[in-house]
1. Taking the Cα centre of the range 6-161 as origin, work out the dipole magnitude from +1 charges on Lys and Arg Cβ and -1 charges on Asp and Glu Cβ, in debye rounded to 20.
2. Per DSSP helix of 4 or more residues, -39500 (n - 2.57); summed, then divided by the residues of the chain. What does that give at 222 nm, rounded to the nearest 500?
3. For the range 309-426, place one equal point scatterer on every Cα, skip the solvent, and apply the Debye formula. What is log10 of I(q)/I(0) at q = 0.17, 0.19 Å⁻¹?
4. If you put +1 on each Lys and Arg Cβ and -1 on each Asp and Glu Cβ, how big is the dipole of the range 322-423 around its Cα centre, in Debye rounded to 20?
5. Report the dimensions of the range 391-504 along its three principal axes from the alpha-carbon atoms, largest first, rounded to Å.
6. In nm², what is the average projected area of the convex hull enclosing the Cα atoms of the range 1-42?
7. Evaluate the charge dipole of the chain about its Cα centre and quote only its size in Debye, nearest 20, assuming +1 on the Cβ of each Lys and Arg and -1 on the Cβ of each Asp and Glu.
8. Answer with one residue from G14, T150, V136: the one whose Cα lies farthest towards the positive end of the charge dipole of the range 6-161, charges on Cβ with Lys, Arg +1 and Asp, Glu -1.
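Coordinate-derived values only; no laboratory data. The shown structure was predicted, so the numbers you read here are calculated from the model rather than taken from an experiment. As a convention, Cβ positions derive from the backbone with ideal geometry for all residues, glycine included, and neighbour counts pool all protein chains shown.
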Amino acid sequence: MNTRKNIVITGFMGAGKTTVGEILARKLNRRFVDMDAEIEMRAGFTIPQIFRRHGEEGFREMERRLIRELALQHGLVIATGGGALVDDEMREVIGRHGLIICLNANKEEIRARLTQNHDRPLAADWESLLDARQSVYAQINHQIMTSGKTPTEIAAEIAALDDGALYVRTPDGGGYPIIIGGGLLWTIANDAESQGLAGHVVVVTNETVAPLYGARLAAALPRADLIIVPDGEAHKTLDTARHVYDEMLARGADRATTLIALGGGVIGDTAGFVAATYMRGIPLVQIPTTLLSMVDSSVGGKVGVDLPQGKNLIGAFKQPRSVIIDTDVLETLPPLQWRCGMAEVIKHGLIGQPALLAPDLWQPEEAARLVRQAVQVKIDVVEVDPYEAGIRAHLNLGHTFGHAIEKATQYGVPHGEAVAIGIVKAALLSRNLGLIDDDLVARIQTAFWKIGLPTDIALDSHRWYAAMATDKKWSAGKSRFILLKALGEATIVEGLAREDIMTVL
Ligand SMILES: NC(=O)c1ccc[n+]([C@@H]2O[C@H](COP(=O)([O-])OP(=O)(O)OC[C@H]3O[C@@H](n4cnc5c(N)ncnc54)[C@H](O)[C@@H]3O)[C@@H](O)[C@H]2O)c1
């Protein structure tokens, strides 16, 4: 399923290969090899010293030897020297088991980076060297322009090109993979042993998803029971959890049983809560089937159920053993659910990955790439703030306005639509406070129009404000909003005046 090809990052000196490579390797839980550092370590000399002692040809020979050796390994992230893959044969050798990515930067940026580092033997005449190598770099299939992007954004773009698993680090020092691709549901069923699903499994799903995928998945696994609960947020309750406990006991589930949560966020949260609590916790595999649950709720470990008094009032942190995302199941997702998921995708773009605002990614045939890039934003947030003590709040961009719409309309507006409107309001508020410009607000509105999401609602502003002021995120009556500082960057702003808020409602 996962061939674990090497990811080979090349490009001109100063393009950021080492910095990006290190971040990417950490993200994907892979070993990082910086070729220049490896050669220095093996030779016992710095690169300038090697150039002085053996000349450029001596150094290139060391590079060729190392490339042949690395090409035989799998699952590495490799940052090459700038000239290492200029040789056609070396590109062919490392490309056999490797995905080669070329990083580009504009000349001003390269100049700026090279002046910070005087330790490169070929830097003196870099402009003519760049001109000479340009045609060779251009032959590499995957090109990424790095100018204006942070190393983290570039690493996320590369991660989206790779078809291997993403990886989430958890606070206990462990972690779990997120496997993404088309048709995975049937691959795992045929490969239950390697997925740890050969023993007793309960597949918890709902009445809608069971006939589409649940029954077939349970039948394909060697020892699986199917437990079906009613569909809808109204059933994200302790009663449903209780029903699942009863069914599991009746089917002899014990602490070695694995629970698969197969469905949207409601199933992920409810069945995840059962996995967190049944016999003090059993292994959980999340198989999200809505766009929202793929990019958001299946990752990060928050599970729980609602009470009549409010949503998500009972819950736990339960890290899954793995998250398996089969993007083919999106084919049956109702268009409204796709659009609602897209509201969260755009939110992820705004708080962490601007590439998600490119409309060519929003096509169903690009679903695997879209989900990869969007879920990476969630991973980056939950790894830094697993227990929601700080920046995890950024995931609530637009949600204070959105929850109030849901409350004021008695949930007449679907969550994703309310979030889209809320994000536009948050953008307008950010602009009024001088944090972002008109262009970014217009870009956000255009994105939602193109997706088919609303950007405003006819709602009495006083009612809207009143609904927000009772939000649990307003601490001690003080307003609290997640706003935008720039495209790809959110910030928390507290204590805004009522007039400032009313202006955008
Ligand atoms: N735990 C978290 O971190 C987190 C984050 C965000 C949201 N959530 C929770 O997620 C829930 C919303 O999740 P959701 O938007 O996925 O809604 P949902 O689970 O209700 O699914 C939406 C609808 O789509 C149907 N469906 C699911 N997959 C399908 C498929 N492949 N084909 C056809 N129909 C399909 C479902 O049966 C349901 O009717 C909320 O309860 C929210 O609180 C949790």
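1. On the way: 20 positive and 22 negative charges, 84 e Å.
It works out to roughly 400 debye.
2. Numbers: 18 runs with 218 residues, N = 505.
Value at 222 nm, helices only: -13500 deg cm²/dmol.
3. With one equal scatterer per Cα and no solvent, log10 I(q)/I(0) is -1.02, -1.25.
4. Dipole of the range 322-423, to the nearest 20 debye: 300 debye.
5. 32, 29, 27
6. That works out to 3.6 nm², a quarter of the Cα hull's surface.
7. 880
8. In the range 6-161, that residue is T150.
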